[in-house]
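Please read the structure below before turning to the comments.
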Amino acid sequence: MGSHKNEYDVQKSKIFTPAFYVFSVIVLISVFIIIYRYVMGIGYVSNLNDGWPWGIWIAYDVAVGTSIACGGYVLAITIYVMNNFKYHPMIRSAVLASMFGYCLAGLSVMVDIGRPWNSYNFFVPSQWQFNSALFEVALCIMAYSLVLIIEFLPAVYERTSTLTKYPRIAAFSKMGYKYIDKLLFLFLSVGVLLPTMHQSSLGTLMVATGFRLDDLWQTNFLPLLFLTNAVLMGFSVIVFETMLTTSLFKRSFEKEIISLSRIIPYVAVAFILIRFVSLTTSGAWGSVFTSGTLSVVFWLEIILLLIPSFIIYATQFGKSQRGLFVSAMTLMLGAGLYRFSVYLIGFEPGPGWGNYFPSINEFMITVGLISIEIVGYMVIVKLLQVLPNVSKSH
C-alpha cells in the first residue's frame, strides 16, 4: 500500500509506562479544571480581565504552540517544494506532532473565549468579518488542523487495512488509502499555504495593538517576523523531536538530521537581521539598552538564537546527538520567547489594569494540553507506522 510505506516503522515498546501514567494524571486534572471553568465561568480559574483579555492560553498555547507545531509545515516545504526527498521518512512524525499542536491550540482558544456559547457564530457566514486578522487566524488554524488529520490518515489506514477480523473496516481502509494517496498532493499544497497565511496574521494581529505593544517589538514587520520565526521554530522542533525520540526510544541516530539542521543558522540570522531592520525603521534602537527588564528580554532572545546557531554551523559538538539536542532546545526557547514577548511580556494595556500573572489553574490547563500531546504521541507511534524506519536507511 504505497511506495513509501517501508520508510516508516512502529516503535516496539510498552504503552503503559510510568511516564504514561504521570502525564495521564495531569491530563485528568486539567480536564477537571476545564469543566469547572465552563460551569463557573472563566473568572473563577484565570487572572484575565478586560485589560488583559488573553494570557498564557493565547501567548503560549496559540502563539507559541502553533509555531512549535510548524515542523510538518517546514518539512513539507523541504521535501515537496525543495525536492529533498531524503527527509521523507521524517514527515509522518512531524505531521503527527503538528496535528496535535494545532488541534490543541484550537481547544485552548475555546477555553479562553469568555462567552463560549457565542462561538457558533464562527460557523455562520453572515457573522464573518473578513477584515479581521483574528478571523483569518481562526479560519486557517481550523482548516489546517483538518488538513493535518487528512495527511495523517494513510498511517491509520495502513493499520486498519490489516484487521482481518473486521473485513469491512479493512476494505474501507484500503479504498480510503487509495483515494487519499491520489489526492494527497492537493492537501499538501493547501497545507503549505495555510500556515504561511495565519502565521503572518498572528503578527498582523499585534500590529493592531499599536502603542500598547512596546517599541522593542511593535513594528510593521511583525507579519514577516512571525512567518520567519515559524520556519525557524519548525526546523528546531524537528531536530529536537528527532533527538528526543532517539534517546527515549533508544533508536539509531538519524544522520540526515545533521544536514537538515544546517538550515537553521541561515534562518536564525535572517530573522535577527529582519529584527534589526525593523528596529531601524521604527526608530526603536534607543530602547534596546534603556528599557530595563524589557531590554534584558530583547537581548536574551537574540543570544538564545545566535549561540546555538553558531554551535550548529561551526562546531563538531553541533553535529553530535547531544549538541543537536541542546542547540535545538535553546533555539526553541529563543524563538518561543520572542512570541511570548510580543503577546504578553511587551504588552501593556494601560493604566488601571495592573499586571497579569497566570493563575495556578491557567498553568495546569496549559500543562494538561501539553500532556495530551505527549501521551497521544507516545501511544500513536507505538501503534502505527510513524517514526522513520532506521533499519532501512542504515
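Rule-based calculations on the coordinates, nothing more; no lab input. Computed from a predicted model, the values in this text were never measured in an experiment. Virtual Cβ from ideal backbone geometry, glycine too; neighbours counted across all protein chains shown.
See the values below:
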read-out	value
Partners for LYS174 among aspartates and glutamates (Cα-Cα distance below 12 Å; same-chain residues under 8 apart left out)	GLU158
Overall Cα dimensions of region 148-277 - principal axes, largest extent first, Å	64, 35, 23
In region 1-104, the chymotrypsin sites (Phe, Trp or Tyr not before Pro) that fall in loop regions by DSSP, at most 15 other Cβ within 10 Å	PHE16
Relative intensity, log₁₀ I(q)/I(0), of region 14-168 from a Debye sum that treats every alpha carbon as a point, q = 0.08, 0.13, 0.21 Å⁻¹	-0.33, -0.83, -1.37
Rg(Cα) / (2.2 N^0.38 Å) computed for region 149-213, rounded to two decimals	1.82
Ellipsoid semi-axes in whole angstrom, largest first, where each is sqrt(5λ) of the Cα gyration tensor of region 141-184	22, 10, 7
For the chain, size of Cβ-based charge dipole, Lys and Arg +1, Asp and Glu -1, in debye	1540 debye
Within straight-line cross-link reach of LYS86, lysines at Cα separation under 25 Å, skipping those fewer than 8 residues along the same chain	LYS5, LYS12, LYS178, LYS182, LYS250, LYS255, LYS319, LYS382, LYS392
Debye equation applied to the C-alpha atoms of region 18-81, log10 I(q)/I(0) at 0.12, 0.13, 0.28 Å⁻¹	-0.53, -0.60, -1.10
Kirkwood hydrodynamic radius (C-alpha pairs) into Stokes-Einstein, region 105-216, 25 °C and 0.890 mPa s, D in µm²/s	145 µm²/s
Centroid-to-centroid separation of region 7-63 and region 326-394 [C-alpha atoms, Å]	11 Å
Anisotropy class of region 344-394 from Cα gyration tensor, a/c 1.5 cut	prolate
Prolate/oblate/rounded call for region 48-114, Cα gyration tensor, a/c under 1.5 rounded	prolate
For region 257-341: Kirkwood Rh in Å [reciprocal of mean 1/r, alpha carbons]	13.5 Å
Chymotrypsin sites (Phe, Trp or Tyr not before Pro) lying in DSSP loop within region 349-394, provided at most 13 other Cβ fall within 10 Å	TRP353
Percentage, to the nearest whole number, of Cα pairs in the chain over 35 Å apart	28 percent
Rounded FRET efficiency, nearest 0.05, which uses the C-beta distance separating TYR179 from LYS319 and R0 of 41 Å	0.45
